[in-house]
Amino acid sequence: MPRSRTGKTRLLLVISGFLTLVLLPGQASAYNWLQFNGDPQHSGNNSLERTINRENVGQLRELFTVRLPAAADGAPVYLGGVKTPGGVRDLLFVTAKTGRIIALDARSGALVWQGENPSGKCRINRGALPCYTTSSPAIDPDLRFVYSYGLDGYVHKYRVQDGSEVRGSGWPEVATRKPFDEKGSSALTIATARNGISYLYVANSGYLGDRGDYQGHLTTINLADGSQKVFNTLCSNRPVHFAQSPQQPDCPARKSGVWARAGVVYSPQTDRIYFATGNGPFSPPRFDWGDSVLALNPDGTGRNDVPVDSYTPSIFHLLDRADLDLGSTAPAILSTPSSNLAVQSGKDGKLRLIDLENLSGRGGPGHVGGAATIELPQGGPVFSAPASWSDPKDGTARVYLANSRGFSALKLTPGKGLKELWRTKTGGTSPLLVNGVLFCARSGTIRALDSETGKVLWENAGIGPIHWESPVVANGALYLTDETGSLHAYTLRGLAPK
């Protein structure tokens with residue numbers, strides 16, 4: 001068995017996208033945070049944390065604040081015990097808006113290495129503003145590589161110890177042929193399917209303003225051999241990266257995007273991936289899937305040029321005309337012992353409860369309607385990734401949703417649907433659940449709430465403006481980036497990250 005950093009024997013277990021380090025009895029455990037919101041479901045539920053909890057979260061104090069080489073509009077990932085040229089370190093990785101991947105010491109915030117694939121001549125919609133990304137990186141299940149989206153339209157693979165880039169066998173992998181019109185908004189996702197193959201998922205959409213020639217698509221990369229599949233949400237019968245019109249290959253339909261924070265989620269129960277689209281036409285006969293939740297096989301393929309399954313609200317025409325993207329969020333999986341459901345929110349302020357095994361209730365793709373719908377308790381559009389948790393004691397699940405209007409918690413009881421537990425008037429971006437504590441950031445403040453009551457347990461007003469940035473907790477420390485280009489770290493009084 002491998003040895004821990006303290007020389008004590010340890011076991012390695014991979015559980016739902018986490019690496020858990022299980023030490024011998026009497027020893028604390030450490031873990032890694034390999035992708036956005038922790039697992040391939042992007043549940044936002046950190047069940048591995050053993051230090052921070054309801055009782056002591058009020059004792060959090062600033063560990064460090066450092067200025068990054070460029071602002072990162074996403075969330076960090078964490079990998080412990082990396083053998084760098086400067087010694088063994090615990091590392092944080094962030095993807096900057098400029099396409100730069102940055103590795104920092106998780107104890108001090110010191111820069112360890114960086115790599116960059118900048119915008120170069122890329123300008124949004126061929127205009128004056130430089131291209132940018134709001135993506136977050138992901139760490140390979142074998143813990144040797146970190147993946148990051150670049151502004152050259154490719155996903156890049158870096159060695160975690162020194163940032164050297166892997167080239168060859170498909171790498172770097174193309175994600176779009178027109179990065180000036182198609183933006184990498186969502187976090188990268190990695191999932192290991194039932195067949196044991198691990199896949200990297202890269203979603204693309206358009207830039208702010210919904211201009212340009214974009215078709216919103218998903219690129220799925222087989223991490224074993226570097227091969228890839230493309231699924232287009234418009235013209236799904238053409239599994240290729242489209243060129244800018246009038247070049248070929250092209251698609252006559254435009255402006256459907258995959259841009260939710262979580263991007264793609266994977267359900268081990270169904271062995272499928274799910275994602276939502278925003279805007280664009282919905283016309284199955286024309287292979288167009290605007291404002292829909294789509295299910296694909298884990299290798300990124302559908303069936304006969306269409307998704308494996310789909311859900312589309314009956315008001316899809318209104319959603320498109322009013323720019324009320326269904327896909328402003330990804331499905332939040334609420335699997336329980338008796339059901340396999342997900343909550344889909346969006347810009348129209350509604351929550352839709354969908355069955356992951358039968359999205360529309362009609363046994364296949366292309367149908368309209370089929371989901372129970374309720375109003376979001378605090379109202380307003382949702383741009384954040386919900387956090388979800390299932391209680392094995394009573395078979396219930398909970399979902400926590402934050403937006404600019406507030407924060408709400410809902411409970412799913414089998415056979416009874418979603419019921420509000422509490423709400424607050426203060427919201428924020430994508431929340432993180434840790435031992436009954438909900439961490440949530442908004443411009444100027446990072447807060448910790450009691451997940452049962454919504455009561456504020458701790459807050460710090462030392463951060464800058466927040467856009468999509470969201471918190472991460474790993475091994476007794478809380479991390480968050482902001483729009484000033486800073487990385488903030490907090491830990492309990494007298495402690496440092498382990």
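The values are calculated or read from the model by the stated rules, or taken from the named source; none is laboratory data. Values in this document were obtained by computation on a predicted structure and should not be read as measured data. Cβ: placed from backbone, ideal geometry, glycine included. Neighbour counts: every protein chain shown.
What number of residues in region 381-392 are surrounded by fewer than 17 Cβ atoms within 10 Å (Cβ to Cβ) and not in a loop (DSSP other than H, G, I, E, B)?
Counting residues in region 381-392 that are surrounded by fewer than 17 Cβ atoms within 10 Å (Cβ to Cβ) and not in a loop (DSSP other than H, G, I, E, B) gives 1.
For residues that are closer than 18 Å to residue 178 by Cα, more than 22 Å from the chain's Cα centre (by Cα) and not charged (D, E, K, R), scanning just region 210-235, find the one that is modelled with the lowest pLDDT.
Residue satisfying both the conditions and the ranking: 212.
Of all residues being of a type in the set (Ser, Thr, Tyr) and in a loop (DSSP other than H, G, I, E, B) in region 439-477, which is nearest to the chain's Cα centre (by Cα)? Just the residue, please.
Residue satisfying both the conditions and the ranking: 470.
When residues of region 359-380 are filtered for being surrounded by fewer than 20 Cβ atoms within 10 Å (Cβ to Cβ), touching a Gly at 6+ places or on another chain (Cβ under 7 Å) and either on the phi > 0 side of the Ramachandran plot or part of a loop (DSSP other than H, G, I, E, B) (or both), how many remain?
Qualifying residue count, region 359-380: 5.
Mind listing just one residue for me: the one in region 329-358 that is at pLDDT 95 or above and over 22 Å from residue 297 (Cα atoms) and, of those, surrounded by the fewest Cβ atoms within 10 Å (Cβ to Cβ)?
The residue in question is 349.
How many residues, within region 449-482, are surrounded by fewer than 18 Cβ atoms within 10 Å (Cβ to Cβ), closer than 19 Å to residue 75 by Cα and in contact (Cβ under 8 Å) with a residue 60 or more places away in the chain?
Residues meeting the conditions: 2.
Just the residues that are within 16 Å of residue 375 (Cα to Cα), in contact with a Lys or Arg (Cβ under 8 Å, 6 or more places away or on another chain) and of a type outside the set (S, T, N, Q), please, taken from region 327-345.
343
Residues of region 65-102 being β-branched (Val, Ile, Thr) and outside any strand (DSSP E or B), which ones?
If the condition is that a residue be β-branched (Val, Ile, Thr) and outside any strand (DSSP E or B), then 98 is the only one that fits.
I'd like to verify a number: residues in region 304-315 that are loosely packed, with under 15 Cβ neighbours inside 10 Å and touching a residue at least 12 places away in the same chain (Cβ under 8 Å), how many?
2
Return only the number of the condition from (1) outside any loop (DSSP other than H, G, I, E, B); (2) over 29 Å from residue 344 (Cβ atoms); (3) at pLDDT 95 or above that residue 54 does not satisfy.
(1) is the only condition that residue 54 fails.
Which residues, counting only those in region 374-400, are among the β-branched types (Val, Ile, Thr) and within 22 Å of residue 425 (Cα to Cα)?
Answer for region 374-400, where residues must be among the β-branched types (Val, Ile, Thr) and within 22 Å of residue 425 (Cα to Cα): 374, 382, 399.
Has region 220-241 got at least one residue that is under 17 Å from residue 95 (Cα atoms), buried (at least 24 other Cβ atoms within 10 Å of the Cβ), of a type in the set (A, V, I, L, M, F, W, C) and touching a residue at least 12 places away in the same chain (Cβ under 8 Å)?
no
Are any residues in region 298-314 small (Gly, Ala, Ser) and in contact with a His (Cβ under 9 Å, 6 or more places away or on another chain), and if so, which ones?
The one that is small (Gly, Ala, Ser) and in contact with a His (Cβ under 9 Å, 6 or more places away or on another chain): 310.
Hey, can you tell me all the residues within region 403-438 that are in contact (Cβ under 8 Å) with a residue 40 or more places away in the chain, under 22 Å from the mean Cα position of the chain (by Cα) and in a strand (DSSP E or B)?
407, 409, 410, 432, 433, 434, 437, 438
In region 476-498, how many are in contact with a helix residue (DSSP H, G or I) (Cβ under 8 Å, 6 or more places away or on another chain) and modelled with pLDDT of 95 or more?
Of the residues in that region, 1 qualify.
At pLDDT 95 or above, surrounded by fewer than 22 Cβ atoms within 10 Å (Cβ to Cβ) and of a type outside the set (Val, Ile, Thr): which single residue out of 436, 417 fits that description?
One residue alone meets the criteria, 436.
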